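Here the structure is laid out as structure tokens; the discussion comes afterwards.
All of the numbers you see were taken from the coordinates with simple rules; none came from a lab. Predicted model only: the values in this text are computed from it and were never measured. Reconstructed Cβ throughout: ideal geometry from the backbone, glycine too, with neighbour counts over all protein chains shown.
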Amino acid sequence: MPVTSKKFFLKDFALPVSIGIHEFEKAKPQTVVINIEMHLEDDSLDTSDEIEDTVNYDFLRTEIEELAKQKHFNLQETLCHEIVKICKDKNGFRKIVVSTNKPDIYIDCDTVGYEVIYEK
């Protein structure tokens, strides 16, 4: 069976982010949950067990944490697009899916969020 897609992912990465347009949102950081999928350009089954032959995805957590500390984001859209830029700077991905959601905004629903899909 041919491989049609390979991806790295980061799921349910929760961290405090200064985000929102309302004054109560600007008063303190909110929990934002981030999900990322990075689809590889290489769809072959050729693999090795050596770290230098793969994508070191530690950069995701580190760079997103740094991004979240740098400034206030008015919109989830802006945060998502900045995360896509981080992923685009790494070579080898043909498709990047980034979503953010804020689970503590409304008491009558689980979460509210945004998703962007970038394809080369």
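Measure out, as a whole number of angstrom, how far apart the alpha-carbon centroids of segment 95-113 and segment 1-37 sit.
8 Å
Under a 5 Å amide H to amide H cut-off, with H placed in plane at 1.01 Å, what residues pair with R94 once short-range neighbours are removed?
H39, L40, E41
How much length is gained on full extension from S44 to K90, taking 0.36 nm per residue of separation minus their Cα-Cα distance? Intermediate values should be presented prior to the final figure.
Working: separation 46, 0.36 × 46 = 16.56 nm, distance 1.91 nm.
Answer, rounded to one decimal: 14.7 nm.
Could you pull out every residue, at least 5 positions away or on a different chain, whose amide H is within less than 5 Å of the one on V112? Hs are placed 1.01 Å off N in the peptide plane, and Pro or chain starts have none.
K102, I105
What are the residues whose amide H is under 5 Å from the amide H of S18, where those residues sit 5 or more places off or on another chain and H is modelled from the backbone?
Amide H neighbours of S18, under 5 Å, 5+ apart: Q30, F73.
With Kirkwood radius over Cα pairs in Å defined as stated, name the option among (1) 14.5; (2) 15.5; (3) 20.2 computed from the structure displayed.
The value computed from this structure is option (2).
Could you order peptides 24-36, 47-59, 76-88 by the average number of other Cβ atoms within 10 Å of their residues, highest first?
Working: 24-36: 16.2, 47-59: 9.8, 76-88: 17.9.
Ranking, from highest mean packing down: 76-88, 24-36, 47-59.
Using the crude model of +1 on Lys and Arg Cβ and -1 on Asp and Glu Cβ, and no other charge, please compute the dipole size for segment 51-91 relative to its Cα centre, in debye to 20. Walk me through the numbers before you get to the answer.
Details: 6 positive and 9 negative charges, 46 e Å.
Result for segment 51-91 is approximately 220 debye, rounded to the nearest 20.
To the nearest 20 Debye, how big is the dipole of the chain about its Cα centre, given +1 on the beta carbon of each Lys and Arg and -1 on that of each Asp and Glu? Show your work: numbers first, answer last.
Details: 15 positive and 24 negative charges, 94 e Å.
Result for the chain is approximately 440 debye, rounded to the nearest 20.
For the chain, modelled as a GNM with alpha-carbon contacts under 10 angstrom, which of S99, S44, S18 fluctuates the most?
Highest fluctuation of the listed residues: S44.
Label 7 Å along Cα→Cβ of T54; segment 90-105 residues with amide nitrogen under 20 Å?
In segment 90-105, the label zone of T54 (backbone N under 20 Å from the point 7 Å along Cα→Cβ) covers 90-97.
Pick from E41, E23, E65 the residue whose mean-square fluctuation is largest in a GNM of the chain, springs joining Cα atoms under 10 Å.
E23
For a 25 Å ceiling on Cα separation, which of these pairs sit above it: K7/K90; K6/K71; K7/K85; K26/K88; K11/K90; K26/K120? Don't skip to the end; give the middle numbers.
Details: K7/K90 14 Å; K6/K71 33 Å; K7/K85 17 Å; K26/K88 29 Å; K11/K90 19 Å; K26/K120 35 Å.
Too far apart for the 25 Å limit: K6/K71; K26/K88; K26/K120.
Starting from the Cα-Cα distance between K69 and I117, subtract it from 0.36 nm times their residue separation and give me the gain in nm to one decimal.
On the way: separation 48, 0.36 × 48 = 17.28 nm, distance 2.40 nm.
Length difference between fully extended and current span is 14.9 nm.
As I understand it, the value is the acute angle between the Cα axis of helix 58-70 and the longest principal axis of the Cα atoms of the chain; what does it come to in degrees, rounded to 10?
Between helix and principal axis, roughly 20 degrees.
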